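Undergrad: Okay, handing you the structure first.
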Amino acid sequence: MTPEPGPGPLDDEEVDRRLVDLPGWKREGGEIFKWFRFGSFPEAIAFIARLIEPCEELNHHPDIENHYDRVRIGLHTWSAKAITEKDLGLAEEIERLAGA
């Protein structure tokens, strides 16, 4: 059985068009990213913990940085070496979880 091909790269115009619906997300250096700010270190860590289940379910894992009350999430698809639909879909889910 041949494995299914991974998601294909999206062109820059498509990524930019889709980012309009994701406030605060930016495209830079082959990834999309956003900084999230919380009221405290525990709130920032709780946000990171909320990402575990959906990322595992999607088998798609962001680059995460924590700086006290700030969290940077970066997304790109390693297998495609580009930004794909998987990244934009996960960004939408992350936005939902940030508001939880």
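The values are calculated or read from the model by the stated rules, or taken from the named source; none is laboratory data. Owing to the predicted nature of the structure, the values given are computational and were not obtained by experimental measurement. Using ideal geometry, Cβ is built from the backbone for each residue, glycine included, and neighbour counts are taken over all protein chains shown. Ligands, DNA and RNA are excluded from the accessible area calculation, which covers all protein heavy atoms including side chains. Shrake-Rupley method; radii C 1.70, N 1.55, O 1.52, S 1.80 Å.
Undergrad: On a full-extension model of 0.36 nm per residue, what is the gain between Glu65 and Leu97, subtracting their alpha-carbon distance, rounded to one decimal in nm?
TA: 9.9 nm
Undergrad: By Kyte-Doolittle mean hydropathy of at least 0.0 and Cα axial length of at least 18 Å, which whole DSSP H helices of the chain are selected? All intermediate terms of the calculation are to be shown ahead of the outcome.
TA: Values: long enough: 41-58 (26 Å, 0.72); 85-98 (20 Å, -0.49).
Once both thresholds are applied, what remains is 41-58.
Undergrad: What percent do you get for the relative contact order of the chain when only Cα pairs under 8 Å and 6+ apart count? All intermediate terms of the calculation are to be shown ahead of the outcome.
TA: Working: 130 pairs, mean separation 34.0, N = 100.
Averaging sequence separation for qualifying contacts and normalising by length gives 34 percent for the chain.
Undergrad: Give me the accessible area per residue for the chain, probe 1.4 Å, as a whole number in Å².
TA: 63 Å²
Undergrad: Just the number, please: carbon plus sulfur as a percent of the accessible area of the chain, 1.4 Å probe, no ligands or DNA/RNA counted.
TA: 53 percent
Undergrad: Just flag the chymotrypsin sites (Phe, Trp or Tyr not before Pro) in the range 14-92 sitting in loop per DSSP whose Cβ has no more than 13 other Cβ atoms within 10 Å.
TA: Those that pass, being in a loop and sparsely packed, are Tyr68, Trp78.
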